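The values are calculated or read from the model by the stated rules, or taken from the named source; none is laboratory data. As the structure is a computational prediction, the values presented were derived from the model and not from experiment. Positions of Cβ are generated from backbone atoms using ideal geometry, with glycine treated the same way; all protein chains shown enter the neighbour counts.
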Amino acid sequence: MSREDISTLVCMEDMTIEFPPENEVSETSQRKRIVSVALGLFIVILLILVIVEWAVDSKSSDSGTFSPKIELTDINGAAYDFSELRENPVVVNFFASWCTPCRREMKAIEEISAVWGDRVNFIGINSQETDIEEAKKLVEDTGVTYTILYGGDGELLEEVGAVGMPFTLFVNADASIAGRYLSDLDQEELNHYLEKYFD
C-alpha cells in the first residue's frame with residue numbers, strides 16, 4: 001500500500017459525517033402528511049357546508065321573491081319586462097362564460113324546457129360576465145332556445161341569495177321563490193324539482 005493510500009485512509013478515519021436521526025426525518029414527514037390531510041378535510045367540509053346552506057328547497061313564504069331591480073336586456077338590447085311572467089312559474093338560471101359547470105346545466109335546462117315549456121318559463125341570466133361576446137358564444141354553442149338575458153351583476157346575485165354559479169331559482173307565478181340551488185342540476189334533478197314545486 002502506498003503512502004498516498006495510507007494518508008487517504010487516515011483522513012477518512014478522522015472525517016465524520018452526520019446524518020439526521022431516522023426517527024426525526026420520519027416525524028417531520030408524518031407531521032407534513034397530517035397537516036395536508038387536515039387541510040384537505042377542512043376544505044371538503046367547508047364546501048359541504050356551503051352547498052348544504054345554500055341548496056335550500058323550502059316552499060315557505062319567507063323564502064323571498066324574485067323581482068330584479070336592475071334592468072336586464074335580451075340579445076337585441078331590449079329591456080325585459082318581468083311582469084309578463086306572472087301567469088306561469090319560472091326557472092331562473094344564473095350563468096357566465098367562465099363557469100364550466102354552467103355549460104352542462106344550460107344543456108340540461110334546454111332539454112327539460114322542451115318538456116315543461118308550455119307550463120313553466122325558463123330564463124337564463126348572464127351574470128358577472130368578463131366578456132359579453134364569450135357569453136353570447138356560449139349560448140350559441142349550447143344551442144339553448146329559452147330566454148337569455150344580459151346585465152346581471154353581483155348585486156342581483158346577492159339579492160337572490162347566491163354565493164356562486166351556476167345558481168338556479170324556482171319561482172312561483174306570484175314571484176315568491178320556491179327553491180334555490182347552488183350546483184349544476186342535471187335533467188333528472190331539474191325534472192324532480194319541477195314536479196315538486198310546480199306539478
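Quick notes on this structure:
- Among the candidates 129, 155, 134, residue that is in the same structural domain as residue 68 (by TED's automatic domain parsing), under 27 Å from residue 69 (Cβ atoms) and touching a residue at least 40 places away in the same chain (Cβ under 8 Å): 155
- When residues of segment 83-120 are limited to those that are under 15 Å from the mean Cα position of the chain (by Cα) and among the polar types (S, T, N, Q), the one surrounded by the most Cβ atoms within 10 Å (Cβ to Cβ): 93
- Filter result (farther than 15 Å from residue 152 by Cα and touching a Lys or Arg at 6+ places or on another chain (Cβ under 8 Å)) within segment 78-108: 88, 89
- Picking from residues in segment 121-157 that are closer than 17 Å to residue 107 by Cα and among the β-branched types (Val, Ile, Thr), the one that is surrounded by the fewest Cβ atoms within 10 Å (Cβ to Cβ) is 145.
- Residue match in segment 138-146 (condition: in contact (Cβ under 8 Å) with a residue 40 or more places away in the chain and either of a type in the set (S, T, N, Q) or part of a loop (DSSP other than H, G, I, E, B) (or both)): no
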